[in-house]
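Enquirer: Quick one: structure below, then a few questions.
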Amino acid sequence: MKNLLFALSLLLSGQLFAQHPTPVDMLFNPTENIFQFSGAGGGNLYGLFKASGAASGVLALDANYNLKEKVANGRKKINTVALNFKVHPFINTLLEGRDSLDFRKLAFQDNDFRLQFGARYTMLSEKEKKGLLEGNSKRFAQAFIDVIVVPYQIEESVSNQTGFTSLSLNMGGKFGILRKIMGGTFGITANPQLDLLFILDQDMAFEEAFLKDPTANQLANMQASARAFAAAGLKIEVPLNDFMLTFDVRRYYKLGEGAELEGLTDRTLFSVGGVAMGSIFSKKKKK
């Protein structure tokens, strides 16, 4: 089943995308799963009919540390800290001179990043096992923070600029429930979040990236865009073993000086996607 879901996600590359999450087994059994090296496959729904749409080939390291464990009022409670590092060595962020930048790709960086660093603090609660059906359902609350780096390169730049880099600081909470059903792990979570997006570019490469058929004269007379943005959003996740469906909505606002960015700050952005993660190597604590 796990291999089938992983293959399905690879087939959907170019169609679906999602934030690459903490492995669900590590979240469901944090005292047993302490380290995992995994790979993920996915793609972009909005890149289905565009050559610039990118498929995912992510390598991830996740480490889980058990901080506190106690039993109170018939429930077992576990607090953990998880750290993760992800690298996307095969991503193509080359922007052709005749293409305009897709602002959904700028907003939802989760599938186009080069590097991602993250931390999660999780409070997990479950009933003590007393019968066949008890002890299989767990609820949790989690605080998370991610730093996401995406470098963009511009082909045939009229301003002789090679490109720009986006730096995103994504933080928020995750609240949900997980349950073992027929040998698999199923759940649903709601993730309110805040995203801070910074454009690291001192010239006009960023402006050139969202112009169709840019000319030097256009860039010379163009007002520089804002370089910092903030977004409030909500993501719904539905994990099933190593496959996860997501529904994401965000609204961006500019921070500081610079022009509003039409396509990013003038509308609410939506994303629907999925990602599959397959364990390459894991370290489990013996029961």
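Enquirer: Pull up segment 202-214, narrow it to residues that are open to solvent by 60 Å² or more (accessible area, probe 1.4 Å) and in contact (Cβ under 8 Å) with a residue 12 or more places away in the chain, then point me to the one that is farthest from D102 (Cα to Cα).
Expert: D203
Enquirer: With the structure loaded, tell me whether V87 is in contact with a Leu (Cβ under 7 Å, 6 or more places away or on another chain), at pLDDT 90 or above and on the phi < 0 side of the Ramachandran plot or whether it fails that test.
Expert: no
Enquirer: Among the residues of segment 247-258, are any farther than 17 Å from F164 by Cα, of a type outside the set (F, W, Y) and part of a loop (DSSP other than H, G, I, E, B)?
Expert: Looking through segment 247-258, at least one residue is farther than 17 Å from F164 by Cα, of a type outside the set (F, W, Y) and part of a loop (DSSP other than H, G, I, E, B).
Enquirer: Working carefully through the options D201, D213, find the one that is charged (D, E, K, R) and over 27 Å from L115 (Cβ atoms).
Expert: On inspection, the qualifying residue turns out to be D213.
Enquirer: Let me ask something else. Out of F243, F186, F270, which single residue is under 16 Å from F103 (Cβ atoms) and of a type in the set (F, W, Y)?
Expert: Within the list F243, F186, F270, the selection yields F270.
Enquirer: Tell me which residues, restricted to segment 212-240, are touching a Lys or Arg at 6+ places or on another chain (Cβ under 6 Å) and among the polar types (S, T, N, Q).
Expert: none
Enquirer: Would you please list the contacts, defined by Cβ atoms under 8 Å and residues six or more apart or on different chains, that run from a residue in segment 215-226 that is free of Cβ contacts under 8 Å to residues at least 24 places away in the same chain to a residue that is open to solvent by less than 80 Å² (accessible area, probe 1.4 Å)?
Expert: Within 8 Å, the pairs are Q218/L211; M222/M204; M222/E207; M222/L211.
Enquirer: Further, regarding this structure: Within 27 Å of I145 (Cα to Cα), open to solvent by 70 Å² or more (accessible area, probe 1.4 Å) and either in a loop (DSSP other than H, G, I, E, B) or among the β-branched types (V, I, T) (or both): which single residue out of I199, I177, I236 fits that description?
Expert: Sole residue among the options that is within 27 Å of I145 (Cα to Cα), open to solvent by 70 Å² or more (accessible area, probe 1.4 Å) and either in a loop (DSSP other than H, G, I, E, B) or among the β-branched types (V, I, T) (or both): I177.
The values are calculated or read from the model by the stated rules, or taken from the named source; none is laboratory data. Everything numeric here is computed off the predicted structure, so don't read it as measured data. Cβ sites come from the backbone with ideal geometry, for glycine too, and all protein chains shown count toward neighbours. Protein only, heavy atoms only, side chains kept; ligands, DNA and RNA dropped before computing areas. Shrake-Rupley method; radii C 1.70, N 1.55, O 1.52, S 1.80 Å.
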